[in-house]
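Everything below concerns the one structure shown next.
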Amino acid sequence: MSFDPVDWPAFRRLAHRALDEACDDLAHIAEQPAWRAVPPDVKTAIAEPLPRRGELLDAVYERYRVTIAPYTVGNRHPRFFGWVHGAGTPAGMVAEMLAGALDINTGGREHAAVYLERRVIAWFAEIFGFPPESSGIVTSGSSLSNLIALLVARNAHDERIRRDGVSGRLTAYASREAHSSVARAFDIAGLGSASLRDVAVDTERRIAIDALVQAIAADRAAGYTPFFLCGTAGSAATGATDDLRALAAIAREEQLWFHVDGAFGALAQLSASERHRVAGIAQADSLAFDAHKWLHVPYDAGCVLVRDATLHRAAFAGDVPYLGRSERGTAAGDPWYYDFGPELSRGFRALKLWFTLKTIGLDALGAMIGAQCAIARAAGARIAMTPGLHLLAPVGLNIVVFRSEPPALASDEAALDAHNAELAIVLQEDGTAVLSTTRIDGRLALRMNIMNHRTTPEDVEQTIDAVVAAANAGGSARFPRV
Ligand SMILES: *Cc1c(COP(=O)(O)O)cnc(C)c1O
């Protein structure tokens with residue numbers, strides 16, 4: 001009485017059909033709206049009672065096909081520019097399916113998946129100029145990577161903290177443009193989000209070095225113990241990248257752990273034209289970055305690298321009898337990933353990284369990143385020249401933040417905020433394009449993240465045209481699909 005199919009040929013037909021339809025969907029994604037709202041009746045249909053009795057796979061697949069598949073967030077679509085989203089790849093999709101078929105737990109033990117993950121980590125160490133003996137772990141994303149890095153740094157500062165908890169005088173530094181996951185890591189780690197000081201930024205929205213030096217000195221004078229400095233490579237709001245070389249020097253001088261949150265911006269390292277922006281990244285003690293953003297590995301996939309593998313392991317390893325290691329047999333394979341992060345059971349994310357990196361190749365990934373930054377700069381230049389549109393920050397990497405400023409609303413900041421918020425929603429609901437919004441110095445901005453490998457320069461042009469058309473229509477009227 002196993003849970004395997006009674007009728008394997010029928011299962012096989014359904015599985016092939018599901019894969020065929022997933023391929024069709026991807027191959028024709030550009031013909032779909034960029035986003036479709038989930039209709040109320042679909043929400044009702046999803047809210048089913050407990051499934052006491054099993055149904056046929058065909059019936060469950062049919063439910064998936066009509067209630068789930070059409071209503072995605074849209075990140076695979078070429079005119080999806082919201083937040084920071086990768087677009088996935090067909091090869092990554094195949095890897096996800098295979099990982100599911102193998103049903104592997106990579107928390108530890110002796111099996112090939114662990115060796116594959118080590119190889120992927122070693123590739124990234126090489127890409128970022130980390131020493132070959134540094135360590136790392138594939139994670140669910142930079143939120144977890146930032147947390148792991150902080151826990152390693154906390155333990156490196158004082159290894160008694162794992163047992164005794166935190167005493168409350170440790171301080172850390174990041175720019176006020178740093179991602180919310182950094183402050184959240186301090187909260188989760190019990191260090192308190194207030195111990196992470198928000199440092200001012202310069203006109204390029206990079207951490208202001210003099211303000212940073214002053215903040216450290218002020219904290220020391222007040223009896224605090226600075227221990228951690230977080231640089232940002234590619235801020236989520238505008239793509240700004242801190243001067244990582246300057247931060248590395250300050251961290252060395254002040255004896256701080258130097259972490260870089262490079263969720264997407266770190267991958268500028270792959271682009272010959274953009275690499276200079278992240279110069280100094282190789283000097284970090286730890287680096288968080290995502291594979292599900294600029295590498296387009298299907299969600300979820302992130303990574304953290306730690307220069308000192310011994311410190312990395314010391315932050316998580318424990319002596320648990322039933323997780324004991326052996327020289328031979330299934331319990332070999334030391335060290336286990338259990339020793340490098342908070343999870344024991346974890347899936348085989350490294351497989352989709354490996355499939356993606358190997359099938360696309362680093363050269364093409366880097367060329368794509370460079371091309372997207374060039375498209376973003378061109379979009380920024382066009383917006384700066386378009387009457388009624390205004391850039392709100394310099395184009396950092398691939399992100400353009402701007403707003404519509406109709407003369408009728410001139411200097412009414414509340415009305416301008418509402419107008420631009422409405423523009424983003426109108427374009428989304430219409431299915432034309434997805435822009436997200438952010439605030440730049442208090443002003444609501446439209447935000448265009450040009451990251452999708454399916455996006456063409458025409459998609460960007462047409463989206464700016466659509467913003468102008470919607471703004472001219474009053475920001476709330478419907479306008480034709482581009
Ligand atoms: C996306 C992002 C994060 C968080 O990463 P997740 O993969 O969403 O957990 C952290 N920092 C920056 C700069 C980001 O863009």
Surface per residue (accessible, 1.4 Å probe) for the chain, Å²: 46
All aspartates and glutamates inside 17 Å of LYS352 as judged from Cα atoms, apart from same-chain residues fewer than 8 positions distant: GLU96, ASP103, GLU117, ASP290, ASP300
Phi to ³J(HN,Hα) by Karplus 6.51 cos²θ - 1.76 cosθ + 1.60 over segment 427-435, Hz, x for Gly, Pro: 5, 5, 5, 6, x, 5, 6, 10, 10
In order through segment 344-361: 3J(HN,Hα) via Karplus (6.51 cos²θ - 1.76 cosθ + 1.60), integer Hz, x for Gly, Pro: 9, 7, 7, x, 9, 5, 4, 5, 6, 5, 4, 4, 5, 5, 6, 7, 8, x
Amide hydrogen neighbours beyond the local backbone of GLY136, cut-off 5 Å, H modeled: VAL306
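Counting DSSP beta bridges with both partners in the chain, what percentage is antiparallel, nearest 5?
60
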THR386 long-range amide H proximity, modeled H, under 5 Å: none
Euclidean distance of C-alpha centroids, segment 130-144 and segment 375-390, integer Å: 37
Of all accessible heavy-atom area on the chain, the percent that carbon and sulfur account for (1.4 Å): 55
Under Karplus coefficients 6.51, -1.76 and 1.60, residue-wise ³J(HN,Hα) of segment 259-266 in Hz, glycine/proline x: 9, 10, 8, x, 2, 10, x, 4
Linear extension gain, ARG119 paired with ASP58, 0.36 nm per residue minus alpha-carbon span: 18.1 nm
Burial order of peptide ranges 93-100, 432-439, 290-297 (average beta-carbon count within 10 Å, highest first): 290-297, 432-439, 93-100
Amide H within-cut-off set for VAL199, under 5 Å, with H built and near neighbours excluded: ALA174, SER175, ARG176
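The values are calculated or read from the model by the stated rules, or taken from the named source; none is laboratory data. What you see is a predicted model, and the numbers here were worked out from it, not measured in a lab. Every residue, glycine as well, gets a Cβ built from its backbone with ideal geometry; the counts of neighbours run over all protein chains shown. For the accessible areas, the whole protein counts, side chains as well, though only heavy atoms, and no ligand, DNA or RNA atoms are used. Shrake-Rupley method; radii C 1.70, N 1.55, O 1.52, S 1.80 Å.
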